[in-house]
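A.B. asks: Before we start, here is the structure in question, set down as structure tokens.
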Amino acid sequence: MSRSLVVPAIALLFTVIVLVDFVMGIGVLWYLYAVLQILMVPFELMTTATAPMVAVLGGWKWIVYLALLCVGGYGFRAVGQRLTKNRPFYRDMPFSVALGYVFAATLIVVVLLNYSRSFSTLGGMPDSYFFFRSALHFLVLSSVAAVLFRQFGCMVGTASTRKLFRQMPATASFGILIIICYAIAAIFAPMIAPHGQETIFPRANIIPLVPEAMGGDPAFPLGTDQIGRDILSRLIYGAQNTVGIAFVTTVLAFFLGVTGGFLAAVLRGWVDQVLSRLVDVLMAIPALIFSLLLITAASSLFSGTGLTWAMIVIIAVIDSTRVFRLSRAVGMNIVVMDYIEASRLRGEGVGYMIFREILPNATAPLLAEFGLRFCFVFLTIAALSFLGLGIQPPLADWGTMVKDLGQFVNYAAFLPQYAMLPLLPAGAIALLTVAVNFVVDWMLQRSSGLKE
Amino acid sequence: MHPVLRITLQRLALGVLTLVIVSFVIFAAVNLLPGDFAQAILGQGATPEAVEAIRNDIGLNDPFWIRYFDWLGALVSGDLGVSYSQMMFATGMGGEDIQLIPITEQIAPRFYNTMFLAGLTAIIAVPISLAVGVLAALYRGSAFDRIANITTLSSISSPEFFLAYVLTLFLAVQWQILPSLASVTPEMPLFERIYTALLPALTLTLVVTAHMMRMTRAAIINLLASPYIEMARLKGISPIQVIVKHALPNALAPIINVVALNLAYLVTGVVVVEVVFAYPGIGNLFVDAVRSRDIPVVQICCLIFASAYVLLNLTADILSILSNPRLRHPK
Amino acid sequence: MAKDSDFLVQMNDIYIEGRSDETWMPIINGVDLTLRRGEVLGLIGESGAGKSTLGLAAMGFCRDGVRISGGEVYFDGIDLLAAGASAKRNLLGKRIAYVAQSAAASFNPAHRLIDQHTEAPIRHGVMSRAESEKDGMELYQRLRLPNPDEIGFRYPHQVSGGQLQRAMTAMAMSCRPDLIIFDEPTTALDVTTQIEVLASIRDIVAQFNTAAIYITHDLAVVAQMADRIKVLLKGDEVEEADTRTMLTDPKEDYTKSLWAVRAFQRPQKPAVLSGATPVISVKNVTAAYGPVPVLNDVSFDIHEGRTVAVVGESGSGKSTAARCITGLLPPKQGSIEFEGQALPSDYRRRNRMQLRQAQMIYQMADTALNPRKTIGEIIGRPVQFYMGLTGAAKRKRVEELLDEIELPAHQYIDRLPSELSGGQKQRIGIARALAAEPKFIICDEVTSALDQLVAEGILRLLARLQDDLKLSYMFITHDLATVRSIADEVVVMKDGRVVEQGPKSEMFQPPHHAYTDLLLSSVPEMDPDWLTKLLAERGIENIGDAAVTKMS
């Protein structure tokens, strides 16, 4: 039961981002190619090493495409104007917008064309459309899931939560859905995971998501790593370790930062000066670099799990500086309000002002900041683990898994499924941060949207 | 004195002060903690006498302040010291007469490589993100804006190594347009160098573009609510002109900040990306040094990253002062 | 559809809606508006009446989140609602111009005034840059801006508010439009500055025979400017008539009530006994924000049961005086005495009894009440803090206080401030001050953010409370009408000094100090000929900033 739910969910984890970043990446590449051609590089200078790029992007054909696009845009607008008898929509449409519509239509056609083509090559090996197809499936599935979840939210709960769901964009409901899934995976990891996170099986390097004939194994749907540990189980335990540690770190950072920030805002004077200058100094060093430095220092004192704890404290302290900045700014904005002046003149103490007057008015920005901070901490920890300096073994953790399995990307030329090995844990990280960011984005828009 | 000049000089002085404090923090972070680096150099089997000799040699027995000022003084005169791994190598060979390679020589080519990668990324990313940001602000609320929003949000949220592997998968493995390892060498011609470094540059571009585009969009939308923009529209100025003539000059300061902030962010991002693509830059060196606890190298790399960060922020600060009409034309 | 060529603007049965939360809420419900060439129409109404929205709709323009859902707008026979975006753009700036409320915010800080002035003529091909610059200087001259040849080459932040407003009028005139919409052009200005701007706007509109729609909430101002007046209330037209008829013979009750506001006036109280100890005594106070001096040797007394109005324009130091009394800004020299006893200068060194005695009511009720606390909590806190009441006793006291300010307790005690109207919020602010049972209350511009009818209610309430509770008020205001209605004594401030002080009856009788005289004479009156008479009497050089400059 558990596996049947988890497998498709995890299998499709990353693919939306794959698609989206893929499109962006290609755009960037074309732009760069154009710049190179126009600005500096005559063709003669290209060496044989660069031939593959020239072959694929091909001479000047993109200019022809661009010209076709322009003609298409112009025609689209003209036809629209003619057919609708100059409705304002077409009448006032700038050329660039018309171009945009045509470009979008072309893009959709190309995507559908490739999608249909992907099935014709299914039998052959290797299936170069595998990721494209998965991405599209995931995109469609997740949109459907998000919309269904939103419908569900509109029907249950109190009147206010229903209203919340009604006004929610699909991205935010997708984010909430994903966060719930992760929370369940993290909390119930030992129950969901089919195997232990450290159990080593005799058969290493089982390929994920392929039939047995091609080197897969239904008992290990996502395969095993180089020393024979079940990747699915490690992914699920990774939710517990990676997410849990990031969460603890963020809470700690928030405790430090918010306390300091509000104290600085209320007391001002030298308290504010001292705290702010201290934070200025700490923020003058980029966060990842600073944490690497401190971890170097800490590694002479601790090892293993002790080092993990040291890392938690280090990142919490470094991140609390950002929280301090924000909560001080938020606090300052509230402190200048007349009702704070009224309570000052009444003779209220610092505690009353922070907890009863300021904090209730700062929950919205602080909550949003918590989401963003969590993402940042989560990504920092993942990066550290990826560099081998974060969460220490034996704990299963996504960053470390990516590091260990990274080389398999290059085997995708033989069998695309190989690339799943590093992409699954990396995608698991990306999906959660994307989800949190979607929710935070919506929250921020809601609080600022009242003004617009 | 003209206020712009005065404020600029103030900021410059503040920047220098920050750099000194940062150097102190970096030095203190690794030197105040217990733990014997002489032992680390020699390994477990070393005799106490040998350890003591090394300690004296690299000055570990001096008081903390003296060591700091010695280090700072050497830094200013361009002497970055010798890495522990070189010393270990030397002690392994058993002689003082072996020529040690100073850190300066180790770092110089890598520094150039990292700057090259960051520069390449900036050249690709800055124009794209500004253009897309302005367009998204102009057509805010449209499908284009929403798709750009979702795309950039996903891009920002993803860890660099995820983007790196996705791009590798498609561009290097499946389509085979670009090489998957960015092993540039000093003798490569420029175009080939760009080509080789393109995959890491694209990865960084994705992250940085997304940031810059969102912040540009936000800065412009923020301005579009101002009464003077409404005034411009009510004067019959076309939407593009409104953005270019009325919004952009005022958005200059925030946009400069966005660009500088993201170039500063590149400093951090470059570490992970260099490791993924085995790019021979400072980030890679830094991570290796951290793993082997090679303190002199860690300190120097850290200082380079921090200086780049401080200097970029300083530049942004000064440029946005220069772009402020209130400061340029005092009453 | 009748497209009478006499009419420059014709708006028929206009409906406008605004987006709020999930639905479209009506802003304007079926208003007609016509304007002949060269005519000035005054559009008046309280905040939220939809007058700005209607004014913009006359240009065929809607702000974001607003739409015209029904009706027709013709400008010189052109159907603006059917016209394309580029057709409309060709009219805007060229034939229809706009003058915004805040000139300081409506000029682009990045460009010089003259560059913004010439933008529309160049864009519409009316004039070349050189011609337009020359014309701009001439317009500046006509609008009596100082240094007309040079002022255009400054950036907006280098020019004062009143001058910017005139420069904006010049900008609107740059293409010699047929119609100008003035959207509260003088609301943000001080009275002495306002009169100058009014005079020059009226002058130039008459010179070029431009039609105008003049939007304002100030009846006395519109009486000077408009040929006809249209009154709006919550998106509906109340009535329309030519200015004199409207002033002498309003038909509708609402209009009459607007006219009647200024009637409220308290009788002058008898003079204070010469030996009485004042409740609050400000003695030779000099104060500064850092190195910037704000108050210079300020002294005045406030006696029991009396209201002292502190009058002055922005920057005169009247709010700073209040900050010195409350102890938020310790004075550099001088002292504050409460019933003969000197108070510690810093509020942090005052004890609860001392803090309790001086309470404050703020201008913006929105920022004066914590949005996350219920009315009961807001009023209950000082009750508990100073009186030590808790539980049922506290609640009973809060209910009493709510009765005192004429809000039914059971209905309001559990509400949040955001659920209340502006006037109700201000009443809660009063109740919070009363809860401390003080002897002295500082009222900082308490009525200036409110509509006139609501403001009058607040003034009446404050007057009644004073009589019932023997309160002393320090009333900070820039509005002389408020002073007339509620003050017993008046203190006139300018540039951090007390210019003149004395009982109200004396202050409003000549002879005055020259500045008081200027201040008093600058307050617009309901008489449509007031401005004409004043200009004839004093001459154009003796009003506004020019007069102030002469004085010092």
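The values are calculated or read from the model by the stated rules, or taken from the named source; none is laboratory data. No experiment lies behind these values; they were computed from the predicted model shown. Methodologically, a virtual Cβ is constructed for each residue, glycine included, from the backbone with ideal geometry; neighbour enumeration extends over all protein chains shown.
A.B. asks: On the given criteria, is residue B:152 free of Cβ contacts under 8 Å to residues at least 60 places away in the same chain, more than 8 Å from chain A (Cβ to nearest Cβ) and in contact with a Lys or Arg (Cβ under 9 Å, 6 or more places away or on another chain)?
C.D. replies: In short, no.
A.B. asks: Okay, next question. Just one of (1) in a helix (DSSP H, G or I); (2) closer than 30 Å to residue C:513 by Cα trips up residue C:334, so point out which.
C.D. replies: The one condition residue C:334 does not meet is (1).
A.B. asks: For the structure I just gave you, tell me whether residue A:142 is modelled with pLDDT of 80 or more and within 14 Å of another protein chain (Cβ to nearest Cβ). Write out each step before concluding.
C.D. replies: Numbers: modelled with pLDDT of 80 or more: yes; within 14 Å of another protein chain (Cβ to nearest Cβ): yes.
When the stated conditions are applied, residue A:142 passes them.
Table: residues versus (1) free of Cβ contacts under 8 Å to residues at least 12 places away in the same chain; (2) among the aliphatic types (A, V, I, L, M); (3) out of contact with any Pro (no Cβ under 8 Å at 6 or more places or on another chain).
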position	(1), (2), (3)
C:13	no, no, yes
C:29	no, no, yes
C:33	no, yes, yes
C:45	no, no, yes
C:67	no, no, yes
C:76	no, no, yes
C:82	yes, yes, yes
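A.B. asks: Shifting gears a bit: Yes or no: residue B:243 touching a residue at least 24 places away in the same chain (Cβ under 8 Å), part of a helix (DSSP H, G or I), over 23 Å from the mean Cα position of the chain (by Cα) and facing another protein chain (nearest Cβ under 10 Å)?
C.D. replies: no
A.B. asks: Identify, please: which residue in segment A:286-304 is among the hydroxyl-bearing types (Ser, Thr, Tyr) and more than 8 Å from chain B (Cβ to nearest Cβ) and is, among those, surrounded by the fewest Cβ atoms within 10 Å (Cβ to Cβ)? Talk me through it step by step, then tell me what you get.
C.D. replies: Taking segment A:286-304 as the starting set, the residues that turn out to be among the hydroxyl-bearing types (Ser, Thr, Tyr) are A:291, A:296, A:299-300, A:303.
Of the ones still in play, those that are also more than 8 Å from chain B (Cβ to nearest Cβ) are A:291, A:303.
Working: A:291: 24, A:303: 12.
So, considering only residues that are among the hydroxyl-bearing types (Ser, Thr, Tyr) and more than 8 Å from chain B (Cβ to nearest Cβ), the one surrounded by the fewest Cβ atoms within 10 Å (Cβ to Cβ) is A:303.
A.B. asks: What's the number of the only condition in (1) away from every other protein chain (no Cβ under 14 Å); (2) more than 16 Å from residue A:317 (Cβ to Cβ) that residue A:238 fails to meet?
C.D. replies: The number of the failed condition is (1).
A.B. asks: I've got another one for you. With (1) in contact with a Gly (Cβ under 9 Å, 6 or more places away or on another chain); (2) surrounded by fewer than 21 Cβ atoms within 10 Å (Cβ to Cβ); (3) assigned to a helix (DSSP H, G or I); (4) within 14 Å of chain B (Cβ to nearest Cβ) as the list, and residue A:326 as the residue in question, which single condition is left unmet?
C.D. replies: That leaves (4) as the condition not met.
A.B. asks: Is it fair to say residue C:397 is away from chain A (no Cβ under 14 Å), at pLDDT 90 or above and over 27 Å from the mean Cα position of the chain (by Cα)?
C.D. replies: Yes.
A.B. asks: Read through the list (1) within 13 Å of chain B (Cβ to nearest Cβ); (2) at pLDDT 90 or above, then give the number of the only condition that residue A:283 fails.
C.D. replies: (2)
A.B. asks: When residues of segment B:279-299 are filtered for being among the hydrophobic types (A, V, I, L, M, F, W, C), more than 9 Å from chain A (Cβ to nearest Cβ) and within 15 Å of the chain's Cα centre (by Cα), how many remain?
C.D. replies: Total satisfying the criteria: 2.
A.B. asks: Against the conditions (1) at pLDDT below 90; (2) assigned to a helix (DSSP H, G or I), where does residue C:117 fall short? Just the number, please.
C.D. replies: Evaluating residue C:117 over (1) at pLDDT below 90; (2) assigned to a helix (DSSP H, G or I) leaves (1) as the failure.
A.B. asks: Looking at the structure I just gave you, is residue C:155 among the aromatic types (Phe, Trp, Tyr), under 26 Å from residue B:233 (Cα atoms) and within 14 Å of chain B (Cβ to nearest Cβ)?
C.D. replies: yes
A.B. asks: Quick test for you: out of A:334, A:358, A:314, pick the one residue that is in contact with a helix residue (DSSP H, G or I) (Cβ under 7 Å, 6 or more places away or on another chain) and either under 30 Å from residue A:432 (Cα atoms) or among the hydroxyl-bearing types (Ser, Thr, Tyr) (or both).
C.D. replies: Criteria check complete, one pass: A:314.
A.B. asks: Would you pick out the residues in segment C:445-480 that are surrounded by 21 or more Cβ atoms within 10 Å (Cβ to Cβ) and part of a loop (DSSP other than H, G, I, E, B)?
C.D. replies: Those that are surrounded by 21 or more Cβ atoms within 10 Å (Cβ to Cβ) and part of a loop (DSSP other than H, G, I, E, B): C:446, C:447, C:450, C:471.
A.B. asks: Would a scan of segment B:276-286 turn up a residue that is surrounded by fewer than 18 Cβ atoms within 10 Å (Cβ to Cβ) and part of a helix (DSSP H, G or I)?
C.D. replies: Checked segment B:276-286: no residue is surrounded by fewer than 18 Cβ atoms within 10 Å (Cβ to Cβ) and part of a helix (DSSP H, G or I).
A.B. asks: Still on this model: With respect to residue C:517, determine if the residue is surrounded by fewer than 18 Cβ atoms within 10 Å (Cβ to Cβ), assigned to a helix (DSSP H, G or I), within 22 Å of the chain's Cα centre (by Cα) and not small (Gly, Ala, Ser).
C.D. replies: In short, yes.
A.B. asks: May I pose another question? Just to be sure, is residue C:231 surrounded by 20 or more Cβ atoms within 10 Å (Cβ to Cβ) and within 16 Å of residue C:35 (Cα to Cα)?
C.D. replies: Considered against the rule, which asks whether it is surrounded by 20 or more Cβ atoms within 10 Å (Cβ to Cβ) and within 16 Å of residue C:35 (Cα to Cα), residue C:231 comes out as yes.
A.B. asks: Moving on to the next point. Which residues, counting only those in segment C:211-260, are of a type in the set (Asp, Glu) and either closer than 16 Å to residue C:49 by Cβ or without any contact (Cβ under 8 Å) to a residue 24 or more places away in the chain (or both)?
C.D. replies: To start, the set of residues in segment C:211-260 that are of a type in the set (Asp, Glu) comprises C:218, C:227, C:236-237, C:239-240, C:242, C:249, C:252-253.
Those that are of a type in the set (Asp, Glu) and either closer than 16 Å to residue C:49 by Cβ or without any contact (Cβ under 8 Å) to a residue 24 or more places away in the chain (or both): C:218, C:236, C:237, C:239, C:240, C:242, C:249, C:252, C:253.
A.B. asks: Here's another thing I want to ask about it. Would you check which residues across segment A:388-401 are of a type outside the set (S, T, N, Q) and surrounded by fewer than 24 Cβ atoms within 10 Å (Cβ to Cβ) and list them? Break it down into steps so the answer makes sense when it comes.
C.D. replies: Initially, segment A:388-401 is screened for residues of a type outside the set (S, T, N, Q), giving A:388-391, A:393-399, A:401.
If the condition is that a residue be of a type outside the set (S, T, N, Q) and surrounded by fewer than 24 Cβ atoms within 10 Å (Cβ to Cβ), then A:388, A:389, A:393, A:394, A:395 are the ones that fit.
A.B. asks: Pairs please, first residue from segment C:267-282 and outside any loop (DSSP other than H, G, I, E, B), second anywhere and acidic (Asp, Glu), Cβ atoms under 8 Å, 6+ apart in sequence or on different chains.
C.D. replies: Within 8 Å, the pairs are C:280/C:301; C:280/C:337; C:281/C:301; C:281/C:337; C:282/C:301.
A.B. asks: Name the residue, out of B:129, B:183, that is in a helix (DSSP H, G or I) and out of contact with any Leu (no Cβ under 8 Å at 6 or more places or on another chain). Talk me through it step by step, then tell me what you get.
C.D. replies: On the way: B:183 fails: in a helix (DSSP H, G or I).
Within the list B:129, B:183, the selection yields B:129.
A.B. asks: Check segment A:219-235 and report whether any residue there is part of a helix (DSSP H, G or I), among the acidic types (Asp, Glu) and farther than 17 Å from residue A:388 by Cα.
C.D. replies: No, segment A:219-235 has no match at all.
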